[in-house]
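The values are calculated or read from the model by the stated rules, or taken from the named source; none is laboratory data. Everything quoted here is computed from the prediction, not taken from an experiment. Virtual Cβ from ideal backbone geometry, glycine too; neighbours counted across all protein chains shown.
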Amino acid sequence: MVKRFTTMAYDDPDEMTFGVAKEPVKAGLGLTIGDGFTTPEINYAPRPETASSKEKLVKEYKSITTDIMDRMVAVGFPGVVLETEHVQEMTNNPEWGAAVAHAQKEIMERYHDEYGINCALRHTPGDIREDRDYLRLREDKYDTLLKSFELLAENGVDMLSVESMGGKEVFDHAILRDDVPGVLFSIGCLGAMDMEYIWKDIVKIAKDHNVVPAGDTDCAQANTAMFVAGGLLDKNLAHTLAIIARTISASRTLVAWECGATGPNKDCGYEGTILKSIGGRPIAQEGKTSTCAHSDVMGNLVMQCCDLWSNESVEYHGEFGGTSVQAWGETLAYDCTLMNVALKTGTEKTLRDLFMLSDKYRDPQGYVLAYPNAWKVGKAIVEDGDDLYLRAKNAALETCNILEEGVNEGLKLTRFETKALRDAKIALEGLPDDQDTFVSESLDKYKKEVRVFEPKRNYDL
Amino acid sequence: MDHLHFAVTWGQDTAHDLVVQALMTLFNTLGATPGSIDRIAICGNPIQLSLFQGIPIDDLAYAGDKKKEKYHIADQDRSAAVRDAGEIAGMGAFEGCELRVPPAVKHEVGADALALLVKSGMLDSPEISIATDYGTNAEMALKVDDIIYTGSAAAGPALEGQEVACGTLAKPRVVSDIDFEDGAFRSTVLSDDMDECTGALFNPINGEIYEEGTIAATGITGTGVIALIKEGMETELVKLPHIKTRHKALLLHDDLYFDEHDLVEAGRAIGAIRAGHVTLCDAAGIDVKDIETAYMSGAAGTYMDAAKAHMVGLVPYAVRDVYQIGNTSLALARDVLLSEDRLWELEDVARSVRGSHVMFATSPAFKKAYINELSYWEEGMPFERMQTMLKRRGLPMVAAPTTDPKVHRIVVKDIPDLGTEGLRVLERTGTLLTMKIEECTLCGLCEEVCTHDAIELHEDGTVVIRSDLCDGSHCQKCIHACHEELLCWECLEVVER
Amino acid sequence: MALKKIKERSMALDIDPDDILVRYNVRLEKEITPEEAAEELYPDDPHLKPIAQAVFVGDEEGVVAGLEKAISGGMDPLKLIDDALIGGMNVVSKLYDEAVIYLPDVMLSSDAMQKGIEYCKSKATSDMKPKGTVICHVAEGDVHDIGKTIVVALLRANGYNVVDLGRDCPVEEVVEHVEKERPLMLTGTALMTTTMYAFKHINDKLKEKNLALPFVCGGGAVNQDFVSKLEFGVYGEEAPQAPRMAASILSGANVGKLREEFHKH
């Protein structure tokens, strides 16, 4: 059953802080997320050559897991989450992923028993539902994906996540053309529909196995937009448009929770703060500690309301100070310590505001995601919470408004960004008021323009 | 309350009665009986003088000739006059008492402006000088050689503290000045005797108080507003048209504040005066920098820190001397009372000025200069751009002040000599305006927003407004505060006494 | 109470970011002069561009000279109004909206454009079709017309045909013109508190004659409470609202809609 959000979990953005969610989530071995603590969530990737066989992969992940748990204990951190984002082989062969999970969990249990460290294991199978140039969202590959979830849940994984990629085929076309209605259609409509399709099944599997259906993030689109947008000097995509893609993705990613996922959602789309303001469930975020994976224009700001603090992903290899997972994991855990001290001493709102202010004016993306503004986007979404199209459009328009007002508040935009923003707003204001018209117009348009777009096959449209 | 608006809305007779009654109260208070008074001299703007004498004011209420023609509104004769006070309605008992009335220059420029000219001493000085009464109508006079150019800038009441959220007329217990001190703002507050006392030391960004003041304040005067703008601009907290603090306002002590809306209101008033100065210079064919001396009068012109007024543009930028000369109207009335010759001298002055009076409302130069000012204060047009525009329009140039003028504070209070008996102010010279609001929710907001304690709300929904305290049509905070829009200006009725 | 409201306006801590970060992309963007900004927006046609340019800088003689040349070269005067004059004015209003130029610039350009329009009309053989007509006036008895002057300039800058009835305009004259022109909207401004009652008479006469249209009233003396009591009254607080109101009317807004959009409380 899908239960749409039509009200806000937080009446006042000032209520939101890191480490505290309205609906904390218990997971794994003694861990409660969003219950007054922040916890590091360490992500890693095996060295490429190890993906050639199941045995090599298991061995690699055992080393990774042991290294992390060792370091957490050595420096005295009370809790940790490990997240394994699958390499394709692990999802394509569900039993490979299951073997890795099983091996990891055994090690974690040992540390939990021996030292009492609280820990949980999250697995994120790859969204393998494609065939060369084409998405194959609902066919054989889908069954394989579900099988993977099932085996993972049976083999010790505590939290199930995915970064689903519905709508990607249209998005890739639209984002390169500054086509904001296309972005809205791909993320807000197609993405959300696919989310609903897949998350109903993931939630069922999780419930059957008594594990946590955690959540999604718009890696395929919002994160792509951020990546294309790049740094301040890059001009491939105006950052004012990148943030519109990101706020639209909040409307989309919310669907996992509406299907029964409980959080913590995943990090790399950066839509978490908006989700938290609406749903009150815990979120994972990444920022300055994910510079191992990508540069970031809001490295501190995103910590403002996080419950899990993540490093996106780092390749496993040696560093002067140990292995990469140890180095990044320790950094994450120290950040969390600082936040936890703030929570203990009642100074969390000050620290939250310091995080927020250090990047609020760095970039339009950070400006909109600053929690008071993120909350406004959330509010715009729930105003038409029952209508996937309208709420995504609301999010986009509210983003335009926030940025326009921001210019009076001290946000500086280039002419390139200002123009893109203005064009986007005009395009959005010209869109129809109802979902049916918008979807049918968009179908006509993108069936013609996007060769690989197969609405019937992938979305039953 | 604005006399003209009151008289037009509730009848000139009612207004006349109020003026006469106020005078009677004054006589009673002084113990003067009709028979014991030989002579009365009055001063004021054309409206006030007309209301007292019972001269129709329609020609003052409507400035447009087309309307005047259509309704057969004749221009009234407002020359200097000596009359029998017994002719004034309601003053029959004063038959035989002489009434001396000073002349008006023109429509909106009356004896106040003459007082300014005469009492400043500028008529006798060879310098190019300008006199400005910093009040609602901002009468001003520029003297170049022997020609006097006059005008009235309708600056609006912002300089007297109105139309500004926390603004108020000068009265006890209000902020009258602000200075930058030790990285913070220091306010000056008027005492019960209208003396300037040290106020709080505070941080205008967040309102934090570093040092409490000796007197709590209930409002900010126009002079306080000027000082806030000047210090705000110098500390760069004010960058037109914005106030660069997180609240977009300067926060003072005692819950007082000054926000961006107030800044626009004050800016319009300052801009109107500077545009007026430019317009007079244009008429005289001189540059603003040619003005050597400035005279400041009126209550605001007396209490204002002249150096700060100079910095924000209220005083021509290149003047060498500034004289603060107090309430010249009262002094002029005294002169006229003592010398009839003086009265006829004034008539001569008035006549000589009439030909070179500039009606700002219809002056193309004023319009251009004022639109520049609006853009400067409201849109943040850079000052240099304003200069470019003046040049393109062929108008006299203004510039930022570079040197400080010498300030001569001739008087410390607007009425310099209070005599041996001291000053007492007549209370309740006005009337009451009232209406019963049937569906009033008794929320009390109308009382709460009134900065003058002029309005009372009774439990049966009856609203009573004291006309002597109320700021009238310029304020209307109570009207705007009424949620249900039930309180209405036109529905108010004058209480019969 | 009001102070509390101000404080609530922004609960969160805030800072001036200039000391902690640099948006190098903004810094690198060289300060663009109004002339440079305009350069990118002019029409390309070599006959139209100098006229649009003259409109932009407010050069009345340049406008007429450019038009003269274009018309003698065989261009249609009415088409020149659209393409060159309004085209140039579009540049002005766009850059004004972006705060690259200011109100006094708009006033100069508006005058220049108006000169040009009159010149073109005198040369044209047929009537032009503007996007809409607005009648502006200053209340009977009032001569303070700066507000109206600004409103007229901004409306013209946005391509509306403005019938300017000037100051101290008798009630009957206003109603007659409404009857004759059937404009999109009527504006009235008043500075003197004594004169705004003329708006009520206008409103009543319009009603009597079944001439329903939005009647935008503003100016120093006028307030929303007063205007709301007029059947056709819409309160205009600031001059830049005038073209936005006209645009709303073009896209179907009536008095009620306009009040919803522009009234404050």
**OP:** Answer yes if at least one residue in region C:129-138 is assigned to a loop (DSSP other than H, G, I, E, B), within 14 Å of chain B (Cβ to nearest Cβ) and at pLDDT below 90, and no otherwise.
**Re:** no
Original post:
B:Ile57 versus (1) within 14 Å of another protein chain (Cβ to nearest Cβ); (2) surrounded by fewer than 18 Cβ atoms within 10 Å (Cβ to Cβ); (3) not hydroxyl-bearing (Ser, Thr, Tyr): which is the lone unmet condition?
Top reply: (2)
Subject >> Matching option when the condition is surrounded by 24 or more Cβ atoms within 10 Å (Cβ to Cβ) and within 14 Å of chain C (Cβ to nearest Cβ), among A:Thr240, A:Thr217, A:Thr247, A:Thr253 >> reply: A:Thr240
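Yes/no matrix, rows are residues, columns are (1) within 11 Å of chain C (Cβ to nearest Cβ); (2) within 26 Å of the chain's Cα centre (by Cα):
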{"residue": "B:Glu211", "(1), (2)": "no, no"}
{"residue": "B:Ile215", "(1), (2)": "no, yes"}
{"residue": "B:Thr223", "(1), (2)": "no, yes"}
{"residue": "B:Ala227", "(1), (2)": "no, yes"}
{"residue": "B:Met233", "(1), (2)": "no, yes"}
{"residue": "B:Leu240", "(1), (2)": "no, yes"}
{"residue": "B:Lys248", "(1), (2)": "yes, no"}
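Give region B:458-497 a look and list any residue that's of a type in the set (A, V, I, L, M, F, W, C) and in a strand (DSSP E or B), or say none. Can you show your working first?
To start, the set of residues in region B:458-497 that are of a type in the set (A, V, I, L, M, F, W, C) comprises B:463-465, B:469-470, B:475, B:478-479, B:481-482, B:486-489, B:491-492, B:494-495.
Scanning region B:458-497 gives B:Val463, B:Val464, B:Ile465, B:Val494.
Is it the case that A:Gly378 is within 30 Å of A:Met193 (Cβ to Cβ) and either within 14 Å of another protein chain (Cβ to nearest Cβ) or buried (at least 19 other Cβ atoms within 10 Å of the Cβ) (or both)?
Values: within 30 Å of A:Met193 (Cβ to Cβ): yes; either within 14 Å of another protein chain (Cβ to nearest Cβ) or buried (at least 19 other Cβ atoms within 10 Å of the Cβ) (or both): yes.
Spelling it out, A:Gly378 is indeed within 30 Å of A:Met193 (Cβ to Cβ) and either within 14 Å of another protein chain (Cβ to nearest Cβ) or buried (at least 19 other Cβ atoms within 10 Å of the Cβ) (or both).
Among the candidates C:Glu118, C:Glu68, single out the residue that is under 21 Å from the mean Cα position of the chain (by Cα), surrounded by fewer than 14 Cβ atoms within 10 Å (Cβ to Cβ) and either in a loop (DSSP other than H, G, I, E, B) or outside the structural domain of C:Pro243 (by TED's automatic domain parsing) (or both).
C:Glu118
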Subject >> helices (runs of 4 or more DSSP H) wholly inside region A:121-229 that include at least 2 residues being among the β-branched types (Val, Ile, Thr) and touching a helix residue (DSSP H, G or I) at 6+ places or on another chain (Cβ under 9 Å) >> reply: A:168-175, A:180-183, A:192-209, A:224-229
Original post:
Taking C:Leu213, is it touching a Leu at 6+ places or on another chain (Cβ under 9 Å) and either without any contact (Cβ under 8 Å) to a residue 40 or more places away in the chain or not charged (D, E, K, R) (or both)?
Top reply: yes
Original post:
Out of all the residues in region A:399-427, which are assigned to a helix (DSSP H, G or I), facing chain C (nearest Cβ under 9 Å) and in contact (Cβ under 8 Å) with a residue 12 or more places away in the chain?
Top reply: A:Phe416, A:Glu417, A:Thr418
Original post:
Are there any pairs, at least 6 apart or on different chains, whose C-beta atoms fall under 7 Å, with the first in region B:25-39 and among the charged types (D, E, K, R) and the second outside any helix (DSSP H, G or I), and if so, which?
Top reply: B:Asp38/B:Cys97; B:Asp38/B:Glu98; B:Arg39/B:Cys97; B:Arg39/B:Glu98; B:Arg39/B:Arg100
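Residues are listed down the side, and each one gets a yes or a no for (1) touching a Gly at 6+ places or on another chain (Cβ under 8 Å); (2) within 14 Å of another protein chain (Cβ to nearest Cβ); (3) on the phi > 0 side of the Ramachandran plot:
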| residue | (1), (2), (3) |
| --- | --- |
| C:Glu36 | no, yes, no |
| C:Pro46 | no, no, no |
| C:Val57 | no, yes, no |
| C:Val63 | yes, no, no |
| C:Lys69 | no, no, no |
| C:Gly74 | no, no, yes |
| C:Ile81 | yes, no, no |
| C:Ile86 | yes, no, no |
| C:Asn90 | yes, no, no |
Subject >> region B:85-141, residues that are touching an Asp or Glu at 6+ places or on another chain (Cβ under 9 Å), within 20 Å of B:Ala155 (Cα to Cα) and part of a loop (DSSP other than H, G, I, E, B) >> reply: B:Val105, B:His107, B:Glu108, B:Gly110, B:Tyr134, B:Gly135, B:Thr136, B:Asn137
Original post:
Does A:Val58 meet the test of being farther than 29 Å from A:Gly346 by Cβ and not in a loop (DSSP other than H, G, I, E, B)?
Top reply: yes
**OP:** May I ask you to say which residue of B:Leu99, B:Leu116 is of a type outside the set (Asp, Glu) and over 19 Å from the mean Cα position of the chain (by Cα)?
**Re:** B:Leu99
Original post:
Among (1) crowded, with 24+ Cβ neighbours inside 10 Å; (2) modelled with pLDDT under 90, where does B:Arg246 come up short?
Top reply: (1)
Subject >> From the options B:Leu469, B:Leu433, residue that is more than 11 Å from chain C (Cβ to nearest Cβ), modelled with pLDDT of 80 or more, touching a His at 6+ places or on another chain (Cβ under 6 Å) and under 28 Å from B:Val19 (Cβ atoms) >> reply: B:Leu469
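So in region B:450-462, with the set limited to residues that are within 21 Å of B:Cys166 (Cα to Cα) and buried (at least 19 other Cβ atoms within 10 Å of the Cβ), which one is farthest from the other protein chains (Cβ to nearest Cβ)? Walk me through how you get there before you give the answer.
Just the residues of region B:450-462 that are within 21 Å of B:Cys166 (Cα to Cα), to begin with: B:450-456.
Then drop every residue that is not buried (at least 19 other Cβ atoms within 10 Å of the Cβ), which leaves B:450-452, B:454-455.
Values: B:Cys450: 12, B:Thr451: 10, B:His452: 15, B:Ala454: 17, B:Ile455: 15 Å.
Going through the qualifying residues, I end up with B:Ala454.
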**OP:** Could you check, for region A:349-366, whether at least one of its residues is away from chain C (no Cβ under 14 Å) and either crowded, with 24+ Cβ neighbours inside 10 Å or not charged (D, E, K, R) (or both)?
**Re:** no
Subject >> Residues that are assigned to a helix (DSSP H, G or I), surrounded by 15 or more Cβ atoms within 10 Å (Cβ to Cβ) and more than 24 Å from the chain's Cα centre (by Cα), drawn from region B:353-387 >> reply: B:Glu379, B:Arg385, B:Met386, B:Gln387
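If you go through region A:308-329 one residue at a time, do you hit one that is within 11 Å of chain C (Cβ to nearest Cβ) and out of contact with any Pro (no Cβ under 8 Å at 6 or more places or on another chain)?
Of region A:308-329, the ones within 11 Å of chain C (Cβ to nearest Cβ) are none.
Among the residues of region A:308-329, not one is within 11 Å of chain C (Cβ to nearest Cβ) and out of contact with any Pro (no Cβ under 8 Å at 6 or more places or on another chain), which makes the answer no.
Identify, please: which residue in region B:362-390 is within 7 Å of another protein chain (Cβ to nearest Cβ) and out of contact with any Leu (no Cβ under 8 Å at 6 or more places or on another chain) and is, among those, nearest to C:Ile146 (Cα to Cα)? I'd like the intermediate steps shown before the answer.
First, pick out the residues of region B:362-390 that are within 7 Å of another protein chain (Cβ to nearest Cβ): B:362, B:367, B:370-372, B:374-375, B:379, B:381, B:385, B:389.
Next cut, out of contact with any Leu (no Cβ under 8 Å at 6 or more places or on another chain) only: B:362, B:367, B:370, B:385, B:389.
On the way: B:Thr362: 9, B:Lys367: 6, B:Tyr370: 8, B:Arg385: 20, B:Met389: 17 Å.
Checked region B:362-390; the qualifying residue nearest to C:Ile146 (Cα to Cα) is B:Lys367.
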Subject >> Selected residue (criterion: modelled with the lowest pLDDT) from residues of region C:197-239 that are surrounded by 17 or more Cβ atoms within 10 Å (Cβ to Cβ), more than 19 Å from C:Gly141 (Cβ to Cβ) and within 14 Å of chain B (Cβ to nearest Cβ) >> reply: C:Asp225
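Does at least one position in region C:187-196 carry a residue that is away from every other protein chain (no Cβ under 14 Å), free of Cβ contacts under 8 Å to residues at least 60 places away in the same chain and either in contact with an Asp or Glu (Cβ under 8 Å, 6 or more places away or on another chain) or not small (Gly, Ala, Ser) (or both)?
Restricting attention to region C:187-196, the residues satisfying the condition of being away from every other protein chain (no Cβ under 14 Å) are C:187.
Those still in the list that are free of Cβ contacts under 8 Å to residues at least 60 places away in the same chain too: C:187.
When the remaining residues are screened for being either in contact with an Asp or Glu (Cβ under 8 Å, 6 or more places away or on another chain) or not small (Gly, Ala, Ser) (or both), the result is C:187.
Yes, region C:187-196 contains at least one residue that is away from every other protein chain (no Cβ under 14 Å), free of Cβ contacts under 8 Å to residues at least 60 places away in the same chain and either in contact with an Asp or Glu (Cβ under 8 Å, 6 or more places away or on another chain) or not small (Gly, Ala, Ser) (or both).
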**OP:** Kindly establish whether B:Ala294 is assigned to a helix (DSSP H, G or I) and either more than 14 Å from chain C (Cβ to nearest Cβ) or closer than 30 Å to B:Tyr210 by Cβ (or both).
**Re:** no
Original post:
Among B:Leu442, B:Leu487, which is of a type in the set (A, V, I, L, M, F, W, C), facing chain C (nearest Cβ under 10 Å) and either closer than 23 Å to B:His3 by Cα or over 23 Å from the mean Cα position of the chain (by Cα) (or both)?
Top reply: B:Leu487
